[in-house]
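Worksheet: the structure to be examined is printed underneath.
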Amino acid sequence: MKTCLIVIDVQESFRQRPYFTANDLPAYLAAQNALIEGCVVQGVPMVRIFHSDGPADASNAFAVESGHVRALDGLVAFDAAATFTKSRHSALVGTGLEVWLTRNGIQRLIVSGIRTEQCCETTTRHASDLGWEVDFVTDATLTWDMLQPDGRTLPAADIKTRTATVLAGRFATVCTAEQALARLAQAY
């Protein structure tokens, strides 16, 4: 089954956000980089997705003009088969990614990147609804604590658990980077 790794929004823009902490960053980068390196070894095409929206000026970390819409420091360099820039949560909306995947005969996506519960989850649901098989790689996604409507903090670990729970068996195979790479080896 022809597979593609999607690396979503792994960009410096997030370091500029007030919620950014480096607490989970080393573990995330280790898993993300292992996934990329494993895909290189197995000859799996990789697609890079950047997020850019809002005012087009240097003060907006998600504007190209800011200089922050670039690979996150610490991410292993890789040759992307394609790069797309999105302005919505799903990487499949208005980017040309869907056309590229179809033209290249991709049947399964491996989803990784930033933020777990936003762009990664949304892309996963969207891809599943469009008919792609999806591996959602939990340890190769990153998010941060969020403030709940009642004012309490929802820890990042709980957000990741919730995302894995709602995706598993419905929209994706939820797995670790190691498991995703093992699934690749079995498919080829």
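The values are calculated or read from the model by the stated rules, or taken from the named source; none is laboratory data. This structure is a prediction, so every number in the text was calculated from the model and none was measured. Neighbour counts run over all protein chains shown; Cβ positions are idealised from the backbone, glycine included.
Within region 37-45, is there a residue that is outside any helix (DSSP H, G or I) and either in contact with a helix residue (DSSP H, G or I) (Cβ under 7 Å, 6 or more places away or on another chain) or of a type in the set (F, W, Y) (or both)? It would help to see each step written out before you state the result.
Initially, region 37-45 is screened for residues outside any helix (DSSP H, G or I), giving 42-45.
Right, trim to either in contact with a helix residue (DSSP H, G or I) (Cβ under 7 Å, 6 or more places away or on another chain) or of a type in the set (F, W, Y) (or both) and you get 42, 44.
Checked against the condition, which is being outside any helix (DSSP H, G or I) and either in contact with a helix residue (DSSP H, G or I) (Cβ under 7 Å, 6 or more places away or on another chain) or of a type in the set (F, W, Y) (or both), region 37-45 yields at least one hit.
Taking region 132-188, which residues are basic (K, R) and closer than 24 Å to Q42 by Cα? Don't jump to the end; show me each part of the working.
Step one: filter region 132-188 for residues basic (K, R), giving 152, 160, 162, 170, 183.
Selection gives R183 alone.
Tell me the residue from K86, K2 that is under 22 Å from C175 (Cβ atoms), charged (D, E, K, R) and in contact (Cβ under 8 Å) with a residue 12 or more places away in the chain, please.
Numbers: K86 fails: under 22 Å from C175 (Cβ atoms).
None of the others qualify; the one that does is K2.
In region 82-93, what count of residues is obtained for those that are surrounded by fewer than 15 Cβ atoms within 10 Å (Cβ to Cβ) and among the aliphatic types (A, V, I, L, M)?
Adding up the residues that qualify gives 1.
Output the number of the condition that T102 fails; it satisfies all remaining conditions of (1) surrounded by fewer than 20 Cβ atoms within 10 Å (Cβ to Cβ); (2) in a loop (DSSP other than H, G, I, E, B).
With (1) surrounded by fewer than 20 Cβ atoms within 10 Å (Cβ to Cβ); (2) in a loop (DSSP other than H, G, I, E, B) applied to T102, the lone miss is (2).
Quick one: how many residues across region 39-76 are surrounded by fewer than 19 Cβ atoms within 10 Å (Cβ to Cβ) and farther than 23 Å from T143 by Cα?
10
So, M1, is that one closer than 30 Å to Q186 by Cβ, surrounded by fewer than 22 Cβ atoms within 10 Å (Cβ to Cβ) and at pLDDT below 95 or not? Write out each step before concluding.
Working: closer than 30 Å to Q186 by Cβ: yes; surrounded by fewer than 22 Cβ atoms within 10 Å (Cβ to Cβ): yes; at pLDDT below 95: yes.
It is true that M1 is closer than 30 Å to Q186 by Cβ, surrounded by fewer than 22 Cβ atoms within 10 Å (Cβ to Cβ) and at pLDDT below 95.
Answer yes or no: is there a residue in region 9-18 that is touching a His at 6+ places or on another chain (Cβ under 7 Å), on the phi > 0 side of the Ramachandran plot and either modelled with pLDDT under 95 or not aliphatic (A, V, I, L, M) (or both).
The answer is yes, given that some residue of region 9-18 is touching a His at 6+ places or on another chain (Cβ under 7 Å), on the phi > 0 side of the Ramachandran plot and either modelled with pLDDT under 95 or not aliphatic (A, V, I, L, M) (or both).
Take region 143-180 and flag every residue that is closer than 20 Å to S128 by Cα, surrounded by 12 or more Cβ atoms within 10 Å (Cβ to Cβ) and not β-branched (V, I, T).
K160, R162, A164, L167, A168, F171, A172, C175, A177, Q179, A180
Which one of A187, A180, A172 is in contact (Cβ under 8 Å) with a residue 12 or more places away in the chain and out of contact with any Lys or Arg (no Cβ under 9 Å at 6 or more places or on another chain)?
Values: A187 fails: out of contact with any Lys or Arg (no Cβ under 9 Å at 6 or more places or on another chain); A172 fails: out of contact with any Lys or Arg (no Cβ under 9 Å at 6 or more places or on another chain).
Sole residue among the options that is in contact (Cβ under 8 Å) with a residue 12 or more places away in the chain and out of contact with any Lys or Arg (no Cβ under 9 Å at 6 or more places or on another chain): A180.
Looking at region 115-157, which of its residues are in contact with a Ser or Thr (Cβ under 7 Å, 6 or more places away or on another chain), touching a residue at least 40 places away in the same chain (Cβ under 8 Å) and assigned to a strand (DSSP E or B)?
Those that are in contact with a Ser or Thr (Cβ under 7 Å, 6 or more places away or on another chain), touching a residue at least 40 places away in the same chain (Cβ under 8 Å) and assigned to a strand (DSSP E or B): D135, V137, D139, A140, T141, L142.
Quick one: would you say A22 is out of contact with any His (no Cβ under 9 Å at 6 or more places or on another chain), aliphatic (A, V, I, L, M), in a helix (DSSP H, G or I) and within 23 Å of M146 (Cα to Cα)?
On the way: out of contact with any His (no Cβ under 9 Å at 6 or more places or on another chain): yes; aliphatic (A, V, I, L, M): yes; in a helix (DSSP H, G or I): no; within 23 Å of M146 (Cα to Cα): yes.
It is false that A22 is out of contact with any His (no Cβ under 9 Å at 6 or more places or on another chain), aliphatic (A, V, I, L, M), in a helix (DSSP H, G or I) and within 23 Å of M146 (Cα to Cα).
Tell me yes or no: at least one residue of region 170-186 is modelled with pLDDT under 95 and either in a loop (DSSP other than H, G, I, E, B) or polar (S, T, N, Q) (or both).
yes
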